[in-house]
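Working notes, structure below.
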Amino acid sequence: MNNNSTDAIKGDILVVDDHLENVNLLFTMLSEHGYEVRQVINGRQALQTAQYDPPDLILLDILMPEMDGYEICRKLKACPETQQIPVIFLSALDDVWDKVKAFDIGGVDYITKPFDVPEVLARVEHQLTIVRQQRQLTEQNIRLQQEIQERQIIQQQLQQLNQELLRSNTDLEQFNFIVSHDLRQPLTSINANAQLLAIKSHRFLDEDSKQCVTRILEGTNHMDQLLRDLFAYARLGGTDTSKFQPTDCNLALNQALDNLYQAIEKSQAIINHDPLPTIRADRVQLVTLFQNILSNAIKYCREEVPQVNVSVRQTDTEYLFTIQDNGIGIEPESLKTIFKLFQRLHSLQDYPGSGIGLAICKKIVECHGGRIWADSLPNVGSKFYFTIPQYK
Ligand SMILES: Nc1ncnc2c1ncn2[C@@H]1O[C@H](COP(=O)(O)OP(=O)(O)OP(=O)(O)O)[C@@H](O)[C@H]1O
Ligand SMILES: [Mg+2]
């Protein structure tokens with residue numbers, strides 16, 4: 001069909017009639033109403049034109065010498081390039097059998113001569129509307145098919161990724177098992193034997209050797225803690241968010257404070273908090289989150305008694321928690337790195353730790369759909385912020 005038909009041209013029509021006055025009348029009438037009209041006067045020309053540049057619609061006279069309209073229509077319907085073009089028959093014949101025959105061989109409508117202008121226009125426009133709608137449907141179908149194909153490709157890619165993820169999850173589980181079991185077993189053995197050595201050979205060891213045994217014990221204890229923390233960190237990756245429950249942050253915070261009882265007692269830390277909300281969360285992870293940030297706030301203190309304040313602010317979409325301390329503070333250039341695994345700003349001698357606590361906090365907050373960051377002034381104190389989205 002004529003792809004050049006633009007919005008201005010309402011349709012491309014081929015008129016086939018051997019009577020020039022009919023052709024001229026139709027040409028004038030249709031052109032004046034915005035249609036592009038081509039005219040031929042016999043069947044041979046009609047078939048050639050329709051095949052070479054298919055029109056949107058054919059107006060076909062029945063009574064013509066050489067090849068009549070029925071024959072032309074049959075040939076058009078038999079040819080793949082032209083079979084979709086709607087044909088309206090034009091004829092002076094008004095016998096009901098002529099009309100039936102016209103529809104039988106594939107005509108879509110029938111107009112009797114002499115023409116009634118409004119009737120011709122209405123019938124032509126009706127058929128062209130159907131053509132346009134069919135084209136729109138075909139285009140929509142093509143787009144849908146393309147979308148289906150694209151989605152199928154994405155689905156295949158997702159399946160592949162899922163399989164890879166499953167494989168790497170299995171590797172990770174194996175790795176976790178090695179970390180939690182195989183690596184800790186020899187460590188426990190070294191630790192137990194060092195303790196035995198310290199007890200049994202206490203009398204025979206000089207001060208230097210006793211120091212060595214103490215360092216072995218400290219080293220194995222530290223490594224054991226490191227492996228536990230690493231295991232806890234690796235396990236966080238597989239959090240199932242659908243299992244989050246409404247969790248009272250006051251209870252989670254109190255649990256964290258209970259767990260930090262010894263450190264609080266020792267440092268005489270003063271800890272205050274706002275009334276906290278109930279959020280959708282994993283309770284155990286929330287306790288760990290508070291505990292890790294609070295333990296830092298107590299651990300990284302200056303000479304004075306640690307003072308910690310936990311506050312919360314609610315926005316339209318999330319809760320913003322702030323945990324403020326009066327500790328040693330953090331240099332601005334280190335504020336981002338502290339959330340990375342094994343990033344410590346101090347030596348073990350100055351402050352014990354594995355450098356995993358805040359990395360675990362980051363993972364927990366992100367698993368809950370939030371963000372975590374810090375703000376600090378060296379020798380004044382730090383503020384740790386995290387957000388948790390509200391679920392309505
Ligand atoms: N409140 C704080 N004040 C000052 N420095 C802090 C504070 N919190 C964290 N830091 C710095 O950030 C580093 C990382 O903290 P993180 O909690 O991850 O590790 P850690 O405390 O060293 O070890 P652990 O894994 O046992 O918690 C710390 O080593 C410390 O230097
Ligand atoms: Mg810590």
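Data for the structure
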quantity: Between the stretch 129-190 and the stretch 286-333, the Cα center-to-center distance that results, in Å; calculated: 38
quantity: Gain on full stretching of the segment that runs from Gln140 to Arg313 - 0.36 nm per residue minus C-alpha separation; calculated: 57.3 nm
quantity: Relative contact order for the stretch 241-389, counting Cα pairs under 8 Å that sit 6 or more residues apart, in percent; calculated: 24
quantity: For the stretch 294-307, 3J(HN,Hα) per residue [Karplus equation, 6.51 cos²θ - 1.76 cosθ + 1.60, θ = phi - 60°, Hz, x = Gly/Pro]; calculated: 5, 5, 5, 4, 7, 5, 8, 9, 9, 4, 6, 5, x, 10
quantity: Extension reserve of the Lys200-Leu158 stretch, reckoned as 0.36 nm per residue once the Cα distance is removed; calculated: 9.0 nm
quantity: Radius, Kirkwood style, for the stretch 274-392 when every pair of distinct Cα atoms is counted (Å); calculated: 14.7
quantity: Length-normalised contact order for the chain - Cα pairs under 8 Å, 6+ apart - percent; calculated: 9
quantity: In sequence order, calculated HN-Hα J values of the stretch 349-355 (Karplus, 6.51, -1.76, 1.60; Hz; x Gly/Pro); calculated: 5, 6, 9, x, x, 9, x
quantity: Environment charge at Leu377 (Cβ cut-off 14 Å; Lys +1, Arg +1, Asp -1, Glu -1); calculated: -2
quantity: Considering only the chain, percent of DSSP beta bridges that pair antiparallel, nearest 5; calculated: 50
quantity: Gain in span if fully extended, Gln225 to Cys79, counting 0.36 nm per residue against the direct Cα distance; calculated: 44.3 nm
quantity: Amide H partners (placed H, <5 Å) of Leu276, local residues excluded; calculated: Asn250
quantity: Entries in Lys10/Lys77; Lys10/Lys75; Lys243/Lys362; Lys243/Lys336; Lys75/Lys99 that, when Cα-Cα distance is taken, lie over 21 Å; calculated: Lys10/Lys77; Lys10/Lys75; Lys243/Lys336
quantity: Using distinct alpha-carbon pairs, which all enter the 1/r mean, Kirkwood radius of the stretch 12-138 in Å; calculated: 14.4
quantity: Environment charge of Gly43, counting only residues whose C-beta is closer than 14 Å and scoring Lys/Arg +1, Asp/Glu -1; calculated: -2
quantity: Proximal lysines relative to Lys210, as straight alpha-carbon distance under 16 Å, when same-chain residues fewer than 8 apart are discounted; calculated: Lys200
quantity: Whole-angstrom gap from the stretch 71-101 to the stretch 340-392, using each part's C-alpha centre; calculated: 81
quantity: Taking the stretch 72-118 and dividing mean pair separation by its residue count, relative contact order in percent (alpha carbons under 8 Å, at least six apart); calculated: 42
quantity: Loop-resident sites, the stretch 34-100, for GluC sites (Glu not before Pro), counting at most 15 other Cβ within 10 Å (DSSP); calculated: Glu66, Glu81
quantity: Cleavage-rule hits, trypsin sites (Lys or Arg not before Pro), the stretch 162-226, DSSP coil, Cβ neighbours within 10 Å at most 13; calculated: Arg203
quantity: Convex hull volume per residue in cubic angstrom - Cα atoms of the chain; calculated: 257
quantity: Surrounding net charge for Glu32, when Lys and Arg each add one and Asp and Glu each subtract one, Cβ distance under 15 Å; calculated: -1
quantity: R0 of 30 Å, Cβ-Cβ distance Arg215-Glu173: FRET efficiency to nearest 0.05; calculated: 0.30
quantity: Size of the stretch 273-318 as Cα extents on the principal axes (Å, biggest first); calculated: 39, 22, 15
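Quick note: the coordinates plus some simple rules give every number you see, no bench work behind them. Computed from a predicted structure; not experimentally measured. With ideal geometry, Cβ positions are generated from the backbone for all residues, glycine too; neighbour counts draw on all protein chains shown.
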